[in-house]
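Asks: Before we start, here is the structure in question, set down as C-alpha cells.
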Amino acid sequence: VQLQAFGGGLVQAGGYLRLSCAVSGGTFSRYNMGWFRQAPGKERDVVATISWTGGSLYYADSVKGRFTISRDNAKNTVYLQMSSLKPEDTAVYYCAASSPVYVTLDQANARYWGQGTQVTVSS
C-alpha cells in the first residue's frame, strides 16, 4: 500500500490550501484515514481523521472550524481542506491509514504513511 500526499506550498496567513492523499495498492474504502503534522522541533500530532465509513470525524482543537477532512472512495483519495491558515499551521503534513478493525485512526494504529508535504504559512 502506498500513500502519496501532495498539495502543500507557501501561503499567506488567512489563505487556504487543499491537501490530497492518493492511496494505491490496497482497498481504500476499508481504511480509516487521517492527517498528521509535524512542526520543526515538535512531535507529530494528529490533525484530522475520518473513519472508513466516513461517519466518524475527528479534528484537533487547533484546527476545528478551519479544516475539513473528506474522502472520495471512487478516487481512492482523502483530502484536507485548510482555510484561515495561520503561521502556527506551518508543518510537514502526513497522511496515514489504519485498518477498519480500529474505531478510528491514531498514531499507534496507523499502518501506512505518506511521505509528507510541506505547508508554510507566512505572516
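The values are calculated or read from the model by the stated rules, or taken from the named source; none is laboratory data. Since the model is a prediction, treat every value here as computed from it, not as a measurement. When we count neighbours, we look across all protein chains shown, and the Cβ atoms used for this are built from the backbone with ideal geometry, even at glycine. Just so you know, the surface numbers come from the protein's heavy atoms only, side chains and all, with ligands and any DNA or RNA stripped out. Shrake-Rupley method; radii C 1.70, N 1.55, O 1.52, S 1.80 Å.
Asks: Within the stretch 66-75, restricting attention to residues that are touching a residue at least 12 places away in the same chain (Cβ under 8 Å) and farther than 18 Å from Gly8 by Cβ, which residue is surrounded by the most Cβ atoms within 10 Å (Cβ to Cβ)?
Replies: Arg71
Asks: Right, here's the next one. Checking Gly55 against (1) of a type outside the set (Asp, Glu); (2) over 19 Å from Val1 (Cβ atoms); (3) not in a loop (DSSP other than H, G, I, E, B): exactly one of these is not met. Which one?
Replies: (3)
Asks: Would you confirm whether any residue within the stretch 45-59 is of a type outside the set (A, V, I, L, M, F, W, C), open to solvent by 70 Å² or more (accessible area, probe 1.4 Å) and closer than 13 Å to Tyr94 by Cβ?
Replies: So far as the stretch 45-59 goes, yes, one or more of its residues are of a type outside the set (A, V, I, L, M, F, W, C), open to solvent by 70 Å² or more (accessible area, probe 1.4 Å) and closer than 13 Å to Tyr94 by Cβ.
Asks: Name the residue, out of Val63, Val78, Val92, that is outside any loop (DSSP other than H, G, I, E, B) and either without any contact (Cβ under 8 Å) to a residue 24 or more places away in the chain or open to solvent by less than 30 Å² (accessible area, probe 1.4 Å) (or both).
Replies: Val78
Asks: Next question. State the number of residues belonging to the stretch 32-44 that are open to solvent by 10 Å² or more (accessible area, probe 1.4 Å) and either more than 21 Å from Ser83 (Cβ to Cβ) or under 12 Å from the mean Cα position of the chain (by Cα) (or both). Let's see the steps before the verdict.
Replies: Residues of the stretch 32-44 open to solvent by 10 Å² or more (accessible area, probe 1.4 Å): 37-44.
Then keep just the ones that are either more than 21 Å from Ser83 (Cβ to Cβ) or under 12 Å from the mean Cα position of the chain (by Cα) (or both); that gives 37-38, 40-44.
The total comes to 7.
Asks: Oh, and also: In the stretch 110-123, which residues are surrounded by 16 or more Cβ atoms within 10 Å (Cβ to Cβ) and part of a loop (DSSP other than H, G, I, E, B)?
Replies: Once the filter is applied, which keeps residues that are surrounded by 16 or more Cβ atoms within 10 Å (Cβ to Cβ) and part of a loop (DSSP other than H, G, I, E, B), the stretch 110-123 yields Ala110, Gly114, Gly116.
Asks: Exactly one of these conditions fails for Gln107: (1) in contact (Cβ under 8 Å) with a residue 24 or more places away in the chain; (2) open to solvent by less than 60 Å² (accessible area, probe 1.4 Å). Give me its number.
Replies: Failing condition for Gln107: (2).
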